[in-house]
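Student: The structure is given below, and queries will be raised subsequently.
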Amino acid sequence: MGARKTVIEGYKNHVAELQRRWERALRAEGYDAVLIHAGSKLASFLDDYEYPFRCNPHLLWWAPLTSQHDSALLIRPGKRPKLFYYQPDDYWYLPPADPASWWADEFEVLPVRDADAWKQAGINHRTACIGDAASLAEAVDAAQLNPQRLLNRIHLERTRKTPYEIACMAEAARLGAIAHTAAEQAFREGSSEYDIHQRYCMAIELVDAELPYGNIVALNDHGAVLHYQAHEQETPAESRSFLIDAGATVHGYACDITRTYSARDGEFADLITAMDTMQRKLCTAVVEGLDYRDLHLRAHADIATILKDFDIIRTSPEDAVASGLSAVFYPHGLGHFLGLQTHDVAGLIADADGTPIPRPDGHPFLRLTRTLEEGNVLTIEPGLYFIEPLLRQWRETGDVAAINWEKVDSLAPYGGIRIEDNMLVTGGEPRNLTREAFASL
Ligand SMILES: [Mn+2]
């Protein structure tokens, strides 16, 4: 039996809730209806090779149509959502299966053989259309295509997950934990990055195109490349350390998990332990009403303290944060919203106008600046790395004596550390979907 299972709990209520949310948004923005298009397949230049299909997340929000290109959904207040379900007569590719009743029962499903069938949906100027321009622009006016205020409103709605969405994400976390455990095992056996990646996918029976993002599988100093994308086939002479940032999806919902391991005891292993203790504390702070920017800044202070404790830097933690030295070792944001997109929508806006909530000065990569609300799912992923170009830059333009270069040289072969969990904001204590999942294995 496979590792995967179908999540259906709460789905009916989820659809009813989306109907209410969309009706509110349409009324507020003066539309009678919305058509949401899945998107079409995209071929590479001068070729008939198609990129892996990624469905419009707004359609995935309604139904698990992860591979159903050219389907479209019409939402109208007070009416059952109408799904133009594209099922071509095709012998080059396998057409989509017949709709499964657990989700299809919530829709008026219209199986169609023609990819343009949705154009007969009775679209007028009071119908908003949501989807990629290549699929829609020919058929609808620019004014009704992806209206920004409507999108902002809906993106804000998407930050409050329904019980069905939380169940999908908890299941994605469970798959992620299974696969991460298999990958750690492969690392301990001395496998190459490529083999570790294969073991990861095999453990949960996913192919690359089903992953929410390209797996980051980094041995040794590769861990210092934040989005390291190679899968080196060669096994290194010595596997000292392993950073893996890899996810899984369930009905389009992602988990996004990072773990770092040391092959043996020693200073790098101690550094991982210190980072892990700190990361767990940050996770417990994820409560309603928290300004996420404050937590990001607290993470900088915490990491600067660890840098000082391990004699990697020689200034006070306060000075390290103020001077930008902590950002040499920790140059990314603390985390982001998570959902149908790995970096989920509306992390940086306050309202339907799209009023930006600014990032703190000197922190250009933070992807989440909002005050947290019940139902938010987000990541907590502090990191500490030995990144050659950033260290070189500091050596050339910063206070050289602030860094213990000998220590840096001894730790650089280990790359870096990132530990990432997926957190759900509740009315009370936060839920750590990732640690729950590892604990359940
Ligand atoms: Mn992440």
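The values are calculated or read from the model by the stated rules, or taken from the named source; none is laboratory data. Predicted model, so just to flag it, every value in this text is computed and none were measured. When we count neighbours, we look across all protein chains shown, and the Cβ atoms used for this are built from the backbone with ideal geometry, even at glycine.
Student: Here are 392, 367: which of them is within 16 Å of the ligand (Cβ to nearest atom), at pLDDT 95 or above and surrounded by fewer than 21 Cβ atoms within 10 Å (Cβ to Cβ)?
Tutor: 367
Student: Tally time: how many residues in segment 348-371 are part of a loop (DSSP other than H, G, I, E, B), in contact (Cβ under 8 Å) with a residue 12 or more places away in the chain and over 11 Å from residue 293 (Cα atoms)?
Tutor: Selection size over segment 348-371: 7.
Student: Now a separate question. Could you tell me which residue of segment 324-344 is farthest from residue 163 (Cα to Cα), considering only residues that are buried (at least 17 other Cβ atoms within 10 Å of the Cβ) and away from the ligand (no atom under 15 Å from the Cβ)?
Tutor: 325
Student: Mind checking which residues of segment 82-138 are in a helix (DSSP H, G or I) and farther than 27 Å from residue 6 by Cα?
Tutor: Passing the criteria: 117, 118, 119, 120, 133, 134, 135, 136.
Student: I would also like to ask the following. Just checking, how many residues over segment 264-308 are within 20 Å of residue 328 (Cα to Cα), away from the ligand (no atom under 16 Å from the Cβ) and polar (S, T, N, Q)?
Tutor: 1
Student: Pairs needed: first member in segment 31-50, assigned by TED's automatic domain parsing to the domain that holds residue 112 and without any contact (Cβ under 8 Å) to a residue 60 or more places away in the chain; second member anywhere, in a loop (DSSP other than H, G, I, E, B) and crowded, with 20+ Cβ neighbours inside 10 Å; C-beta distance under 9 Å; at least 6 residues apart or different chains.
Tutor: So the pair list comes out as 41/69; 41/70.
Student: Do any strands (runs of 3 or more DSSP E) entirely within segment 377-441 hold 3 or more residues that are among the aliphatic types (A, V, I, L, M) and assigned by TED's automatic domain parsing to the domain that holds residue 228, and if so, which?
Tutor: Counting at least 3 such residues, we get 377-380.
Student: Hey, another quick one. Sort out which residues of segment 271-300 are buried (at least 19 other Cβ atoms within 10 Å of the Cβ) and among the basic types (Lys, Arg), and write them in order of number.
Tutor: 293
Student: Under 8 Å between Cβ atoms, which residue pairs at least 6 apart in sequence (or on different chains) link something in segment 141-156 that is under 14 Å from residue 356 (Cα atoms) with a partner that is in a strand (DSSP E or B) and of a type in the set (Gly, Ala, Ser)?
Tutor: Sorted first by the residue in segment 141-156, then by its partner, the list stays empty.
Student: With respect to residue 64, determine if the residue is within 20 Å of the chain's Cα centre (by Cα) and surrounded by fewer than 17 Cβ atoms within 10 Å (Cβ to Cβ).
Tutor: Criteria not met by residue 64.
Student: Quick test of your reading of the structure: residue 153 fulfils all but one of (1) surrounded by 21 or more Cβ atoms within 10 Å (Cβ to Cβ); (2) of a type in the set (Lys, Arg); (3) assigned to a loop (DSSP other than H, G, I, E, B). Name the failing condition by number.
Tutor: All conditions are met except number (3).
Student: Let me ask you something else. If I ask for residues that are of a type outside the set (D, E, K, R), within 12 Å of the ligand (Cβ to nearest atom) and crowded, with 24+ Cβ neighbours inside 10 Å, which ones from segment 236-263 would you list?
Tutor: Scanning segment 236-263 gives 246, 247, 254, 255, 257.
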